[in-house]
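Working notes, beginning with the structure itself.
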Amino acid sequence: MPLMARRIASRGWHVQLHVMDSGGRAPLAEMETVLINLTTDVVIDHMGSLSAPEGIGQPGFQALLRLVGSGRCWVKLSAAYRMSAVLPPYDDMVPFVHALLSFAMPCHYLILKK
């Protein structure tokens, strides 16, 4: 990924990721160092595909907040149904959105996708 990022950086492009391994896990915490050191901006799909029942203190979500805080990471607020453990309106996702909103100021680092 770092090589590809170097190749596309001169074009003003970004790296966009749906972060999920073959086991259905979201290894965002393990990827944080690589992502923060890329030469491009990064867009993370589906709020990082993290598990709502694990809460906002989980290492992957804390890594996501740090990435957004770097000013070079954007997050799509989409696909709550993928992470939620409850039926719509996915109330268990509210703390994640609130945390991202409070951490990602200005809010242009968040992308709302309906």
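The values are calculated or read from the model by the stated rules, or taken from the named source; none is laboratory data. Because the structure is predicted, anything quoted here is derived from the model rather than measured. Cβ sites come from the backbone with ideal geometry, for glycine too, and all protein chains shown count toward neighbours.
Just name the residue that is farthest from Gly71 (Cα to Cα) out of those in the range 23-46 that are more than 12 Å from the chain's Cα centre (by Cα), part of a loop (DSSP other than H, G, I, E, B) and of a type outside the set (D, E, K, R). Top of the filtered list is Gly23.
Does Tyr109 qualify as being modelled with pLDDT of 90 or more and either closer than 23 Å to Met31 by Cβ or over 12 Å from the mean Cα position of the chain (by Cα) (or both)? Show your work before the answer.
Numbers: modelled with pLDDT of 90 or more: no; either closer than 23 Å to Met31 by Cβ or over 12 Å from the mean Cα position of the chain (by Cα) (or both): yes.
Spelling it out, it is not the case that Tyr109 is modelled with pLDDT of 90 or more and either closer than 23 Å to Met31 by Cβ or over 12 Å from the mean Cα position of the chain (by Cα) (or both).
Rundown of residues vs (1) under 17 Å from Leu101 (Cα atoms); (2) among the hydroxyl-bearing types (Ser, Thr, Tyr), yes/no style:
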position	(1), (2)
Arg6	no, no
Asp45	yes, no
Ser70	yes, yes
Pro88	no, no
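Please work out which residue is surrounded by the fewest Cβ atoms within 10 Å (Cβ to Cβ), limiting yourself to the range 1-17 and to residues that are touching a strand residue (DSSP E or B) at 6+ places or on another chain (Cβ under 8 Å) and either in contact (Cβ under 8 Å) with a residue 40 or more places away in the chain or assigned to a loop (DSSP other than H, G, I, E, B) (or both).
Looking only at the range 1-17, we keep the residues that are touching a strand residue (DSSP E or B) at 6+ places or on another chain (Cβ under 8 Å), and these are 1, 4-5, 8, 14-17.
Pick out the ones that are also either in contact (Cβ under 8 Å) with a residue 40 or more places away in the chain or assigned to a loop (DSSP other than H, G, I, E, B) (or both) and you get 1, 14.
Working: Met1: 13, His14: 17.
This residue is Met1.
For every residue, the table says whether it meets (1) modelled with pLDDT of 90 or more; (2) more than 14 Å from Leu100 (Cα to Cα); (3) charged (D, E, K, R).
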| site | (1), (2), (3) |
| --- | --- |
| Gly24 | no, yes, no |
| Leu28 | yes, yes, no |
| Met31 | yes, yes, no |
| Asn37 | yes, yes, no |
| Gly57 | yes, no, no |
| Leu64 | yes, no, no |
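Here is the figure for the range 65-82: residues that are assigned to a helix (DSSP H, G or I) and charged (D, E, K, R) total 2.
Rundown of residues vs (1) under 11 Å from the mean Cα position of the chain (by Cα); (2) assigned to a helix (DSSP H, G or I); (3) surrounded by fewer than 18 Cβ atoms within 10 Å (Cβ to Cβ); (4) not small (Gly, Ala, Ser), yes/no style:
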site: Asp21; (1), (2), (3), (4): no, no, yes, yes
site: Ile56; (1), (2), (3), (4): no, no, yes, yes
site: Phe61; (1), (2), (3), (4): yes, yes, no, yes
site: Ala85; (1), (2), (3), (4): no, no, yes, no
site: Pro89; (1), (2), (3), (4): no, no, yes, yes
